[in-house]
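Working notes, structure below.
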Amino acid sequence: MKYSASLIFSILLLQFTFAQQPSKPTSGEVFQQLKSLNFLGNVLYIAAHPDDENTAFISYFSNQVNARTAYLSLTRGDGGQNLIGNELGEELGLIRTQELLAARKIDNGEQFFSRAVDFGYSKTPKETLKIWDKEKILADVIYTIRKFRPDVIINRFDHRTSGSTHGHHTASAILSHEAFALAADENIYPKQLSEIEAWQPKRLFFNTSWYFYGSPEAFEKVDKSKYIKINTGVYYPLLGLSNNEIASLSRSQHQSQGFGQIGSRGDNMTYVEFIEGQEMQSDSLFGGINTKWSRLKDGKEIGQILYPLEEKFDHQKPWLIVPELIQAFKKIKEIDDLYWRNHKSNEIKNLIKSCLGLFIEAKAEKNYATLGEEIKIDLEAINRSPIQITLDSVDIQDQRATLIEPLKENQVLKSNLSIKIEDTLNYSSPYWLNQKPKNGTYYVNQQSLIGLPETPKQLKAEFIFDIIGEKISYQEDLIYKYKSPTLGEVYKNFKILPEVSIEMYPKTLNFNDTEEKEIQVTVKAFRNIEEASQIEIKTPIGWTINQQKIKINTLDEGESKSFKFRIKPNQNATSSSLEIEMKTGDKINNSVVKTIDYPHIPEQTIIRKSVVELNKFNIKTTDKKVAYIKGAGSVLPENLASIGIDIDVFNLEDINASLLQNYDVVITGLRLYNISKSIDFKQKILQDFIAKGGHLIIQYNTNRNLKIDNFKPFNFQISRDRVVDENAEMRILEPEHSVLHQPNKISDQDFENWVQERGLYFTDQWDKNLTPIFSMNDVDESPKKGSLLIGKYKKGHVTYTGISFFRQLPANVEGAYKLLVNLIAL
C-alpha cells in the first residue's frame, strides 16, 4: 500500500486526552514511519503567527511526500483576541502555542517559535523589526535553520511586498530570505555552532495564491514560469480522509481564533514561486535533491536493508521486519553526520518500538510534586509481538529499577519505584515567561531552549531493552492519568510546583481617592506544611494596610485558606505594586500558580511572583448602571467595576426589554456582531432601549462575517482602517462635545502612555446623524475619522468605537478610563 494511514490514532486521541500519552500506533501508522525513515529530506514553512501556516501544505509534505516538515511561527499569537475566554497577552500566547501543537499532531508536522512578541497589527515590516529587535529574531530563524537543516524553505508571505500586508507577515518573509543566505556562514552568530553546524538550504519558495494578486482572474494572467503547482488534495485510503480534510481538522484546533473549518474533498492546487537557491530541475520542490540514503556517504548499505522492507511489510505482522531494522540500526549508529545519525536513530528506534507493539509507561501517583518530595512511580511495559526481548532496567533521575525480565508476548510487566524530586529542578512553567520580555522580544538565556514550543519535561523514564541482542533505550515523559466517569482514561502532564500558591485578588486595584479597598489572599498548599508560617505583606511607600502579617499554623496538602486585608492610599500615594511572601522556617514562598484549562488543549500552569498592581487615579465616575453583553474575551467589565462603575455582565440570550429597563447604558463585547448569530434578532430590543433614553456603546467588530445586514438605528460601514502607533496624535473634531468634558475633562495628556495601538476597525462611512469625535492617522497616511462616532436617536444615544479600550484599561491607562467613563455618563 503506497498511501499514508498516518494520524488516525492522533486524530481520535485528541478528542479525549491531551497530555503526552504513550503512543499506540496502528499498522498503517507503522508503515508510514517506515516510509518516512526512508526519506532523507526536510521542509521548513515560515510565517508570523499561529494560523498563518498552510496546514494542507504541511500535511501533504509530511504524509504524502514523507518529508520531515515543520512550521516556524515567529510569534505565539499573544497580540490577538480570544474567542473562548478572557486570557489575553502572554496567557493567550500560551493557549495558541498549545493549539498549534494540537494542529501539528493532526497534520504530522513539527513546531518551532522565535522569541518575537506578537504586539498586534503592524503596518510595515520596518516598524515590526524595530520593535522585535531584528538581530535577535534573525538569529532565531538562523538557529532554527541550522538545527532543523531544511533542504527547502517555504515562506507564507512575500518579502518583496513591504507595506501591502501585515508588517509581521512581510517581516517573517524578509527574515527568512536573509537567513537563507546567512545560515551557512560560520561567521554569523558563531556561538550557535557549539552544538550544531552551519547549514545551507537548497531552495527558497514563496507559497503564493490568487489572494496576493487580488482575484483569481488576476492570478490567471501571472507569469508562472517559476511556479510549481502541487495538488495537495490527495486521498489517503487507509485513513479514509483527504489531505484537505486533515488540513481542516488541523486548522480547527485554533479555537481561540474561531477557525473551525468544514473538511473538503477533491483536487486542491497549491502554488509555490521559486525565489532563490538551486535552479529547479523538475516540478518537484525536491527535484535534483538527493533524498535517499545514498545522500550519506555511508548510507548506501542502510538503504539496501531498508528499502525492500516497504514491499515486505505485513500489516498483520509488522514485527517480521524487526531483525532487519536492528541490523540497519547498528549501521545508522555509525553514520558520520551527527545530525542524520541522531535523527534517523530516533526514527528507527521508534519504528522498532511500533513494530513490536511495545507499550511503556511511567505513571506518577498524582499529577504534581514539590521540590524535595518523594513520590511513587508505577511502571508498565508490554511486548505485543512474538519477538523475544528483555527489559533490563528503568531509570528516572538517579533512581533505577533493575528488572532483567523477559517480556513475553502480550504479558504485562509491572513494577514501581520511588523518586525524590531534586531541589535543582525548575517549576513547570513556560520558559519564555520566566522573565518579562524586552523590546518586543521574549528573554531566554539558554540557547538550547530557543525555538522550542514548550518547556522540555524534566522527569523522564528511560526504559532500557535488549532486543535481539541490541541494547535500545526509550524515554517516556512522566505522566499522570486517572479514570473519568464520562471520558474514561484521561492523561495529564506531570508538574513540579512550589509548596504553596499565594494568590491575591483582585490582580489590580484602582483608587480615585483615599477610600479603603479589600484584597483577598488565598494560600493553597501543594504539600503538607507542618511548621507555623507567616504571611507578610510588603506595603509600598504611601499606602496603608490594616494588618501586615498573618500567621498560619499548618496546612494539609490540597488545603486552601483565605484571608482578607484592607488597603488605602495616603494623600501622597502614587501607583505602585504590592508584593506578598510566606515564610516557613528558612523557606520563603512568593509565587502564585495560574492554571489554564480548556478541553481542547493540555492543562497549562504559569508560575509567577504574586503581585497586585495599585493604581492611584484621579477619575470622576458616574452613577449610571451598565449592562455588558459578552463578546470575545475581555476583562473590561472587571476594569470598570474596579473604579466604581455599577456594571453587570450578561450573555446576549439574556437580553430582553424588561431586563434593560434596569440599566442606563449597554456596552457590547468585542466582535459581538461577528460571533453571535442571534444579534440581528436582538437589534430591535436595543433600538427600543435607545429610543427610551438608553445609550448603546458598540465596541469594535471586524468587517468580515458580520451576522447583520446593517447596524440599527444608524447604519455605518466598518473598514479595516486602524492606527497602530499608540502615540499617534489625537485631533479633536468636536471640542465642545460633552464626551470630552463630563464628568472628566479630556486633554492631550490623557492620550499619553497608551499601549500597542490607538484603535482598529474604524468606520469609513456613516449615517449623517453620527458625529465623529477624533481624527488620527499613522505616519504617511490620510486622517482617519471613524474611531469614535456618537449619534442621538430619539431620547438616547448610540456609539460605535474602534478605540482599543480592551487593551488600554488592563494596561492601567488613566486617560482611556476617563474617556470611557465619559461615554458611559453621556
key: Reach of residue 492 by Cα under 18 Å, taken over aspartates and glutamates that are not fewer than 8 positions away in the same chain   = 99, 361, 365, 378, 380, 454, 476, 477, 597, 603
key: Cα-based shape type of segment 41-291, given that a ≥ b ≥ c are square roots of the gyration tensor eigenvalues and the cut on a/c is 1.5   = rounded
note = So, over other residues within a Cβ distance under 9 Å of residue 152, counting Lys, Arg +1 and Asp, Glu -1, the net charge is +1
task = With +1 on each Lys and Arg Cβ and -1 on each Asp and Glu Cβ, and nothing else charged, work out how big the dipole of segment 624-720 is about its Cα centre, in Debye to the nearest 20.
result = 360 debye
ask   = Roughly how big is segment 625-825's charge dipole about its Cα centre, with Cβ charges of +1 (Lys, Arg) and -1 (Asp, Glu), in debye to the nearest 20?
value = 820 debye
key: Relative contact order %, segment 625-825, counting alpha carbon pairs below 8 Å whose residues are six or more apart   = 22 percent
inquiry  = With the cut-off at 1.5 for a/c, could you classify segment 198-338 from its C-alpha gyration tensor as rounded, prolate or oblate?
reply    = oblate
note = Here FRET efficiency (C-beta to C-beta, residue 470 to residue 530, R₀ 45 Å, nearest 0.05) is 0.35
task = Output the pairs from 126/707; 495/609; 420/538; 363/594; 517/583; 561/583 with a Cα-Cα distance over 27 Å in this structure; if there are none, say none.
result = 126/707; 420/538
key: Between segment 746-777 and segment 394-464, the Cα center-to-center distance that results, in Å   = 50 Å
request  = Please label the shape of segment 497-608 as rounded, prolate or oblate, based on the square roots a ≥ b ≥ c of the eigenvalues of the alpha-carbon gyration tensor (a/c under 1.5 means rounded; beyond that, a/b larger than b/c means prolate, else oblate).
outcome  = oblate
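Only four residue types carry charge here, +1 at the Cβ of Lys and Arg and -1 at the Cβ of Asp and Glu. Report the dipole size of segment 41-291 about the Cα centre in Debye, rounded to the nearest 20.
That gives segment 41-291 a dipole magnitude of about 140 debye.
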request  = Could you tell me what fraction of 2.2 N^0.38 Å the Cα radius of gyration of segment 393-453 comes to, as a two-decimal ratio?
outcome  = 1.85
request  = For the chain, calculate the relative contact order in percent as a whole number, restricting contacts to Cα pairs under 8 Å that are 6 or more residues apart.
outcome  = 10 percent
task = Go through [x] 1.26; [y] 1.04; [z] 1.19 and flag the label whose value is the computed Cα Rg over 2.2 N^0.38 Å for this structure.
result = [y]
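For segment 80-222, calculate the relative contact order in percent as a whole number, restricting contacts to Cα pairs under 8 Å that are 6 or more residues apart.
Details: 160 pairs, mean separation 32.7, N = 143.
The value is 23 percent.
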ask   = What list of ³J(HN,Hα) values in whole Hz, one per residue of segment 734-740 in order, does the Karplus curve 6.51 cos²θ - 1.76 cosθ + 1.60 (θ = phi - 60°) give from phi, with Gly and Pro shown as x?
value = 10, x, 8, 5, 4, 5, 9
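Multiply the residue gap between residue 782 and residue 613 by 0.36 nm, knock off their C-alpha separation, and tell me the result in nm, one decimal place.
Between residue 782 and residue 613, full extension yields 57.0 nm more.
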query = After finding the eigenvalues of the alpha carbon gyration tensor for segment 593-666, what semi-axes result from the square roots of 5 times each, listed largest first in whole Å?
reply = 30, 22, 7
task = Select from 305, 65, 592 the residue farthest towards the positive end of the dipole of the chain; place +1 on Cβ of Lys and Arg, -1 on Cβ of Asp and Glu, and compute about the Cα centre.
result = 65
inquiry  = Give the lysines reachable from residue 317 as a straight Cα distance under 16 Å; neighbours fewer than 8 places away on the same chain don't count.
reply    = 24, 353
query = In a shell of Cβ-Cβ distance under 13 Å around residue 326, excluding residue 326 itself, what net charge do Lys and Arg (+1) and Asp and Glu (-1) give?
reply = +3
note = In deg cm²/dmol, rounded to the nearest 500, the helical mean residue ellipticity at 222 nm of the chain, built from -39500 (n - 2.57) for every DSSP H run of length 4 or more, is -6500 deg cm²/dmol
inquiry  = Can you tell me which lysines have their Cα less than 23 Å from the Cα of residue 226? Leave out same-chain residues fewer than eight positions away.
reply    = 202
remark   = Under 20 Å by backbone N from the virtual spin label 7 Å along Cα-to-Cβ at residue 24, the residues of segment 474-512 are 475-494
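Among DSSP beta bridges lying fully in the chain, give the percent that are antiparallel, nearest 5.
On the way: 114 of 159 bridges.
Within the chain, antiparallel bridges account for around 70 percent of the total.
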ask   = Given the C-alpha centroids of segment 165-212 and segment 687-731, what is the distance between them in whole angstrom?
value = 40 Å
request  = With a 10 Å radius around each residue's Cβ, average the other Cβ atoms per peptide and rank 380-390, 813-823, highest first.
outcome  = 813-823, 380-390
ask   = Of the peptides 698-706, 111-119, 665-673, 70-78, how do they stack up when ordered by the mean number of other Cβ atoms within 10 Å, highest first?
value = 70-78, 111-119, 665-673, 698-706
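Would you kindly state how much longer the chain becomes between residue 39 and residue 300 on full extension, computed as 0.36 nm times their sequence separation minus their alpha carbon distance, in nm to one decimal?
Here the answer is 92.7 nm.
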query = Of 447, 459, 406, whose Cα points farthest to the positive end of the dipole of segment 385-543 (charges on the beta-carbon: +1 Lys, Arg; -1 Asp, Glu; origin at the Cα centre)?
reply = 447
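Taken together, the values in this text are just the output of simple stated rules run on the coordinates, not laboratory data. A quick note: this is a predicted structure, and the numbers were derived from the prediction, not measured. Because the Cβ atoms are built from the backbone with ideal geometry, glycine has one as well, and the counts that use them run over all protein chains shown.
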